[in-house]
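The values are calculated or read from the model by the stated rules, or taken from the named source; none is laboratory data. On a predicted model such as this, the values are computed, not experimentally measured, just so you know. All Cβ positions, glycine included, derive from the backbone under ideal geometry; neighbour counts span all protein chains shown. Side chains are part of the model used for accessible areas, which takes the heavy atoms of the whole protein and leaves out ligands, DNA and RNA. Shrake-Rupley method; radii C 1.70, N 1.55, O 1.52, S 1.80 Å.
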Amino acid sequence: MELQLGAVIGFTGQVVQGLILHPDNEHLIYPLGSTIVVRHVISRVQSFLRGHDQRVSCITVSRSGTFLASGQQTHMGFQAEIIIWNFQTKTAFHRMKLHKVMIQSLSFSCDEAYLASLGGQDDNMMIIWEVSTGKGFCSTNIGHEPGYDVQFFNNSNNKLISVQNLIVKIWEADYVAKKVNFTLVNLGNLKRQILNAVIDPSDTFAFVGTRTGDILEINLERASYKRCGPARGLFAQGVQCLALMNNGDILVGAGDGTVAKLAGQTLQVKCQSQVLGGVTSLSLTQDNTHFFLGTGQSNIYLIDSDQLKADLRNTCHYEKINDIAFPQNYSEVFATCSLNDIRVWNSRNKQELLRIQVPNLECFCVGFSADGKSIISGWNDGKLRAFLPQTGKLSYVINDSHRHGVTAIIGTIDSARVVSGGMEGEVRIWRIGKQTQTMEASMKEHRGRVWAIQLNKTNDLAVSASSDGSCIVWDLRTHTRLTCLFESTMFKQVLYHPDESQIITTGSDRKITYWDTFDGQAIRMLDGSEEGEVNALAINKEGNVFASGGEDQVVKLWSYDEGVVLYEGIGHSSTVFKITFSPDQKNLISVGNEGAIFIWNLP
């Protein structure tokens, strides 16, 4: 049975021109790992196009919006797939494989009869496909300069422009002889690394953006360079994307987060503003009054074209998410942690409530104290930091709490103590006072990273799972070990069954093991996955259902007593790192390597 996906918080902002407003002005299309999300702008209802098995590298929409094409990246030596989707039915219309390793750019012709595709630097082929049959119509090698962008002309279905490293080519396709011929654009003695192109509606000239940070105008009829601009003040970190407005103005997105509007006649900057992250996508509405903008830090903005006032519409993590936590018995909010930051989310409207940033560090684990008065977190610089949940202000830091990083953390039920695990295998108990934080005990038995710590209900026992192949049950009053579970695996997760008669573990040997808490014997082993290790486990309050996830990218819901998979959730496009049930038991939330948060509805 398939698990129903309620919502996804996520957007892969690194894909250039990946955020597209559909021509119906109602749907936003954007990539998320190997999935393509189609979101209704007003109602925020999401639907998903699944078909790629690796990360999506480019997306394009035909002029009327009937078709959508996407290309992917794959492993070295393999063929990368292009999928043409029917937008109305949200199904795959054709699947095409000819390019190797990666698809760099895609473009539909104006009459939607042809699709041009450009391979990555390991392929260097340009292929024109017939959309109706999905067959490769004519192909050509573009030379040894890597191509970055290909665009069909706006009024003829057999002319294209391609930009490659230092050159621009205008192609003419002869569909009868099935040949493609090119004219090299004469750039004079200008040397620029050219990244993208945009063609004016009358097909007389084109603008190309460069890594230097300026824009070149090219006369397409004479295939010659005309001029470049802006004269002063180049765009830092290159012109990442361009868009043409109906009145002839050019919108420019730069790699340092600058978005600017240039006059088409003079190439001078009219106005500009700043956003978070390098600009990777610009997509205008039909009436040109606003445009959507996507950045490399996975933020989506709606910007008015007149004043360039930026309105942040959507945020999410842009790197892998390491942990997820709910406050005790409260399902309205949850926290996630990633590189550089911890974010607190509203689980009803999926919006970000709070961002706690600690630059250049990675947060390994996050949790709420039982009284809800602080968010506790462990970081890779060995510090244990606590923040106030309303404002995100730092409430205390424990310096050097673990060498090389704090990897697991949990607060006790009276919020007076925190139990933490480290990269080198220590399990430490900290007493949290009003003004002071002191170490109560340090238990060093593990020889590898502590991946998870769990407490029992009365908080007098803790169990820790480590990558050295042992799980240890500790007595927190005497600070000694009670029992030890050994297995030739790197343990990733350990859980108490709610009645505490059993412990359930998982790890790199793909097995899910039930253990007796009394004598530490393995009772039962299940195959958690066919391929790839299992990283995450979560169990519900009754203890009759548990969930697992890992490198096979599938979220599985198991019956605890029978040990069989009841439901499978397919949606992640890379490894699942953490899973948790919401306290009201209505949702299951999973996070993973692609930086997305998946919210599943429990049956």
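One residue stands out in the stretch 477-494 among those that are in contact with a Ser or Thr (Cβ under 8 Å, 6 or more places away or on another chain) and assigned to a strand (DSSP E or B): the one that is most open to solvent (accessible area, probe 1.4 Å), namely Phe486. Candidates Arg428, Arg385, Arg447: the one that is without any contact (Cβ under 8 Å) to a residue 40 or more places away in the chain and in a loop (DSSP other than H, G, I, E, B) is Arg447.
Considering (1) part of a loop (DSSP other than H, G, I, E, B); (2) open to solvent by 50 Å² or more (accessible area, probe 1.4 Å), the lone condition that Ser442 does not fulfil carries the number (1).
Within the stretch 502-527, the set of residues being in contact (Cβ under 8 Å) with a residue 40 or more places away in the chain, closer than 18 Å to Glu562 by Cβ and of a type in the set (Ser, Thr, Tyr) comprises just one member, Thr506. Of all residues in the stretch 496-525, those satisfying the criterion of being of a type outside the set (Ser, Thr, Tyr), open to solvent by 20 Å² or more (accessible area, probe 1.4 Å) and not in a loop (DSSP other than H, G, I, E, B) are Gln502, Lys511, Asp516, Ala522, Ile523, Arg524, Met525. Considering the stretch 244-261, and only residues there that are open to solvent by 10 Å² or more (accessible area, probe 1.4 Å) and of a type in the set (A, V, I, L, M, F, W, C), the residue that is nearest to Val16 (Cα to Cα) turns out to be Leu244.
Here is a yes/no grid of residues against (1) more than 15 Å from the chain's Cα centre (by Cα); (2) open to solvent by less than 20 Å² (accessible area, probe 1.4 Å); (3) in contact (Cβ under 8 Å) with a residue 24 or more places away in the chain:
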residue: Leu284; (1), (2), (3): yes, no, yes
residue: His290; (1), (2), (3): yes, no, no
residue: Leu293; (1), (2), (3): yes, yes, yes
residue: Leu308; (1), (2), (3): yes, yes, yes
residue: Ile324; (1), (2), (3): yes, yes, yes
residue: Ser338; (1), (2), (3): no, yes, yes
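Between Glu2, Glu26, the distinction of being acidic (Asp, Glu), farther than 22 Å from Glu319 by Cβ and outside the structural domain of Asn154 (by the TED database) belongs to Glu2 only.
Listed by position, the strands (runs of 3 or more DSSP E) contained in the stretch 28-137 that have at least 1 residues being touching a strand residue (DSSP E or B) at 6+ places or on another chain (Cβ under 7 Å) and closer than 22 Å to Ile570 by Cα are 35-40, 46-50, 56-61, 67-72, 79-86, 91-100.
What's the total number of residues in the stretch 532-568 that are open to solvent by 10 Å² or more (accessible area, probe 1.4 Å), in contact with a Leu (Cβ under 7 Å, 6 or more places away or on another chain) and within 20 Å of Gln54 (Cα to Cα)? Counting residues in the stretch 532-568 that are open to solvent by 10 Å² or more (accessible area, probe 1.4 Å), in contact with a Leu (Cβ under 7 Å, 6 or more places away or on another chain) and within 20 Å of Gln54 (Cα to Cα) gives 1. Within the stretch 569-584, the set of residues being in a loop (DSSP other than H, G, I, E, B) and open to solvent by 50 Å² or more (accessible area, probe 1.4 Å) comprises just one member, Asp584. Here Ala243 meets each of (1) in contact (Cβ under 8 Å) with a residue 60 or more places away in the chain; (2) closer than 22 Å to Thr60 by Cβ; (3) touching a Ser or Thr at 6+ places or on another chain (Cβ under 8 Å) with one exception, condition (1). Of all the residues in the stretch 1-58, those that are among the small types (Gly, Ala, Ser) and more than 15 Å from the chain's Cα centre (by Cα) number 4.
Apart from one condition, Ser401 fits all of (1) in contact with a Phe, Trp or Tyr (Cβ under 8 Å, 6 or more places away or on another chain); (2) outside any loop (DSSP other than H, G, I, E, B); (3) surrounded by 18 or more Cβ atoms within 10 Å (Cβ to Cβ); the exception is (2). Set side by side, the residues Gly367, Gly382, Gly421, Gly378 differ, and just one is open to solvent by less than 20 Å² (accessible area, probe 1.4 Å) and farther than 18 Å from Ala325 by Cα, which is Gly382.
Residues of the stretch 262-278 that are in a strand (DSSP E or B) and either at positive phi or surrounded by 20 or more Cβ atoms within 10 Å (Cβ to Cβ) (or both): Leu262 alone. Gly592 satisfies every condition listed in (1) crowded, with 20+ Cβ neighbours inside 10 Å; (2) farther than 30 Å from Phe11 by Cβ except (2). Note on the stretch 158-181: residues that are surrounded by fewer than 19 Cβ atoms within 10 Å (Cβ to Cβ) and either under 12 Å from Met126 (Cα atoms) or in contact with a Cys (Cβ under 7 Å, 6 or more places away or on another chain) (or both) total 3. Cβ-Cβ contacts under 8 Å between residues 6 or more apart (or on different chains), taken from a first residue in the stretch 7-25 that is modelled with pLDDT under 95 to a second residue that is open to solvent by 10 Å² or more (accessible area, probe 1.4 Å) and among the acidic types (Asp, Glu), are listed as Gly10/Glu594; Thr12/Glu594.
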